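The values are calculated or read from the model by the stated rules, or taken from the named source; none is laboratory data. As the structure is a computational prediction, the values presented were derived from the model and not from experiment. Here Cβ is always computed from backbone atoms with ideal geometry, including for glycine, and neighbour counts include all displayed protein chains. What goes into the accessible areas is simple: the full protein's heavy atoms, side chains included, and nothing from ligands, DNA or RNA. Shrake-Rupley method; radii C 1.70, N 1.55, O 1.52, S 1.80 Å.
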Amino acid sequence: MVTFLSKDQIWNYLSEIPDPEIPAINIIELGVVRDVKVDDAQVEVIITPTYSGCPAMKMIEDNIYLHLKSKNIDNVKVTTILSPAWTTDWITEEAKEKLNKYGIAPPQKEIACPQCASQNVECISQFGSTPCKAQYRCKDCREPFDYFKCH
Amino acid sequence: MEMKEAIFNYCLRYADSSLIIGHRLSEWCGHGPILEEDIAMTNVALDLVGQSRSFYQYAAKVEGKDRTEDDLAYLRDEREYRNTLLTEQPNGDFGQTMMRQFLFDSFQVLFFEKLKESKDEDMSAIAFKSIKESKYHLRHSSQWVIRLGDGTEESHQRIQNSLEDLWRFSDELFEMNEIDEVLIKDGIAVDLSTIKDHWMQNVVDVLAEATLNVPEDTFMATGSREGKHSEHLGYLLAEMQVLPRTYPGAKW
C-alpha cells in the first residue's frame, strides 16, 4: 500500500472508469461517486446507485476495485449509500454534451433530437434499454433516439 | 414486541411486496404485447426488486444474525412471507397487470412520501430513493388504465373486470398490526390510516378519467399480515426459489 496517495489522485483514477452502459461518460461525470476517503490503511470510495435496480451498479463497484488494483492500490473498500438520492442534476454540463454527441439526449426540460437538434420530438416509450433512459423519436429527421430521463 | 424485531418485520413486509410484484412483472419478460411494454414492465420490475433489496439488506442488518438479503428472499416459506395479497395475484392479461400495478403504485407513492419523514434514517433514505421511481411507475400504469378503460368496448369491459377482480385486495394495503403500533409511537412507521383517503381520492380520479366504475360493497380479503396467502404465492415461490434451494450457495 502506497501511503502518499492523495484524494485527488484517486478521483483522477476513478474518472478513468467509464459507465458500463454508456461508455461515453465516466462514473464521476455520471455523479455516482459521492466521496473518497484516504487514510494510511485504506481507500474508501462511496458510491450511490442511479436507480434502485440498476444492474450496472455491481459492475461499477467491481470496476472500481479492478481499476484501483491496476494502479497498485489493493486496500479498497466500496461503500454504497442511498442518501442523498442520486439525481440527474449531478451530471456535469460537460457530460451532458458528451451524451448528446454520443446520440443520447441529455436530461433537460426541452428535449432535443441529438441528431438534428429539433425539439419537434415525441415519446415512444417512457422506458428504454437501461433504467435511466426513455425512447423518443424526432418528427423532423425521423430518427429514433434515447433520452436520459430527468430524475 | 421489541423495537428491533418490529423494524425487522416491518422491512420484510415492504421488501416482500416489492419483490413479489417485481417477480410477477418479470414473468412478462419476452411476452409483452409490444416490445416497448416488454421493456417497460421489466424496467419497473428491476426497480422494484432493487427497492426490495434495500429493505432486505436493512432487515438483515437489523436482525444481526448473519442472514443475507438472499437468505431472506430465497429461504423463507410461504407462511413467512408478508407481501400483500394484491402483489401475488397472477398477471392475467396486460390490462389486469396494469390495474394491479396501478393500485400498488398509487399506494407506494403515498407510502414513501410519508416514510421519507421516518425517524429511522435507513428507512427514510430508502423512501427518498424509491419515491422518484414509484412516481414514474404510477405515471405509466395510470396512463394504461386510462387508455384501456377509455378505449374500445372490449378493452373497457376487460379492464373493468380486472378492477372488480382486484378491488377486494385494496383494503389490506392499509391494514396495521402490532408492528405498526410499536413503530408509529416512535415516529418510525407510517400510520397507514392517514394515507387511505388520499389513496382513494387519487385512485377514484384516475378511474373516473378511465370511465371505469369503482366497485361497491366488495368483500375484502385479508390474511397476508399473518402470512396467510392466496393459493398463488406458493407456486410463485416454488419457481423463484428453486435454484438457490436446489443448489445452495450456487454462484455464476
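Working only within region B:39-56, note down all residues that are at the interface with chain A (Cβ under 8 Å from one of its Cβ atoms), open to solvent by 20 Å² or more (accessible area, probe 1.4 Å) and closer than 17 Å to A:ILE124 by Cβ.
Within region B:39-56, B:ILE39 is the sole residue that qualifies.
Pick from B:GLU69, B:GLU36: which is touching a strand residue (DSSP E or B) at 6+ places or on another chain (Cβ under 6 Å), of a type in the set (Asp, Glu) and within 14 Å of chain A (Cβ to nearest Cβ)?
Unique residue meeting the criteria: B:GLU36.
Of the residues that sit in region A:77-93 and are without any contact (Cβ under 8 Å) to a residue 40 or more places away in the chain and open to solvent by less than 70 Å² (accessible area, probe 1.4 Å), which one is nearest to the chain's Cα centre (by Cα)?
A:ALA85
Say whether the condition of being touching a Phe, Trp or Tyr at 6+ places or on another chain (Cβ under 8 Å) and among the basic types (Lys, Arg) is met by at least one residue in region B:82-103.
No - not one qualifying residue is present in region B:82-103.
To keep it simple, each residue is scored yes or no on (1) among the charged types (D, E, K, R); (2) crowded, with 16+ Cβ neighbours inside 10 Å; (3) more than 30 Å from B:LEU115 (Cβ to Cβ).
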position	(1), (2), (3)
A:ILE27	no, yes, no
A:VAL38	no, yes, yes
A:ALA41	no, no, yes
A:ILE47	no, yes, no
A:CYS54	no, yes, no
A:ASN75	no, no, yes
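Of the residues A:GLY103, A:GLY31, which is closer than 16 Å to A:LYS133 by Cβ, surrounded by fewer than 17 Cβ atoms within 10 Å (Cβ to Cβ) and not hydroxyl-bearing (Ser, Thr, Tyr)?
From the options A:GLY103, A:GLY31, the qualifying one is A:GLY103.
When only residues in region A:56-73 that are touching a strand residue (DSSP E or B) at 6+ places or on another chain (Cβ under 7 Å) and open to solvent by less than 10 Å² (accessible area, probe 1.4 Å) count, which is nearest to the other protein chains (Cβ to nearest Cβ)?
Out of the qualifying residues, it is A:ILE60.
Being closer than 26 Å to B:SER170 by Cβ and in contact with a His (Cβ under 9 Å, 6 or more places away or on another chain) narrows it down to one residue among B:ASP93, B:ASP47; which is it?
Exactly one residue qualifies, and that residue is B:ASP47.
Quick one: which of B:ARG24, B:ARG100, B:ARG82 is open to solvent by less than 10 Å² (accessible area, probe 1.4 Å), among the basic types (Lys, Arg) and away from every other protein chain (no Cβ under 14 Å)?
Sole residue among the options that is open to solvent by less than 10 Å² (accessible area, probe 1.4 Å), among the basic types (Lys, Arg) and away from every other protein chain (no Cβ under 14 Å): B:ARG100.
What is the residue count in region A:3-23 for residues that are open to solvent by less than 50 Å² (accessible area, probe 1.4 Å), modelled with pLDDT under 95 and farther than 27 Å from B:SER134 by Cβ?
Result for region A:3-23: 2.
Which residue out of B:TRP144, B:TRP167 is within 25 Å of B:ARG225 (Cα to Cα) and either out of contact with any Asp or Glu (no Cβ under 6 Å at 6 or more places or on another chain) or of a type in the set (Lys, Arg) (or both)?
B:TRP167
Please indicate, with yes or no, whether at least one residue in region B:26-42 is under 16 Å from B:HIS232 (Cβ atoms) and part of a helix (DSSP H, G or I).
The answer is yes; a qualifying residue exists.
Say whether the condition of being assigned to a loop (DSSP other than H, G, I, E, B), modelled with pLDDT of 95 or more, farther than 22 Å from A:LYS7 by Cβ and over 17 Å from the mean Cα position of the chain (by Cα) is met by at least one residue in region A:94-104.
Looking through region A:94-104, none of the residues is assigned to a loop (DSSP other than H, G, I, E, B), modelled with pLDDT of 95 or more, farther than 22 Å from A:LYS7 by Cβ and over 17 Å from the mean Cα position of the chain (by Cα).
Name the residues in region B:118-162 that are more than 12 Å from every other protein chain (Cβ to nearest Cβ) and hydrophobic (A, V, I, L, M, F, W, C), would you?
B:VAL145, B:ILE146, B:LEU148, B:ILE159
Which of the residues that make up region B:162-184 are open to solvent by 20 Å² or more (accessible area, probe 1.4 Å), over 20 Å from the mean Cα position of the chain (by Cα) and in contact (Cβ under 8 Å) with a residue 24 or more places away in the chain?
Across region B:162-184, the qualifying residues are B:GLU178, B:VAL182.
Would you check which residues across region A:114-146 are more than 13 Å from chain B (Cβ to nearest Cβ), crowded, with 19+ Cβ neighbours inside 10 Å and either in contact with a Pro (Cβ under 6 Å, 6 or more places away or on another chain) or under 24 Å from A:THR87 (Cβ atoms) (or both) and list them?
A:PRO114, A:VAL121, A:PHE145
Could you list, in sequence order, the residues of region B:227-247 that are within 19 Å of the chain's Cα centre (by Cα) and in contact (Cβ under 8 Å) with a residue 40 or more places away in the chain?
B:GLY227, B:LYS228, B:HIS229, B:SER230, B:HIS232, B:LEU233, B:GLY234, B:LEU236, B:LEU237, B:MET240, B:GLN241
Quick check on my filter: what residues within region A:74-91 are more than 13 Å from chain B (Cβ to nearest Cβ) and either in contact with a Ser or Thr (Cβ under 7 Å, 6 or more places away or on another chain) or assigned to a loop (DSSP other than H, G, I, E, B) (or both)?
A:ASP74, A:ASN75, A:ILE91
Regarding region B:108-116, can at least one residue be identified that is crowded, with 16+ Cβ neighbours inside 10 Å, assigned to a loop (DSSP other than H, G, I, E, B), within 14 Å of another protein chain (Cβ to nearest Cβ) and not charged (D, E, K, R)?
No.
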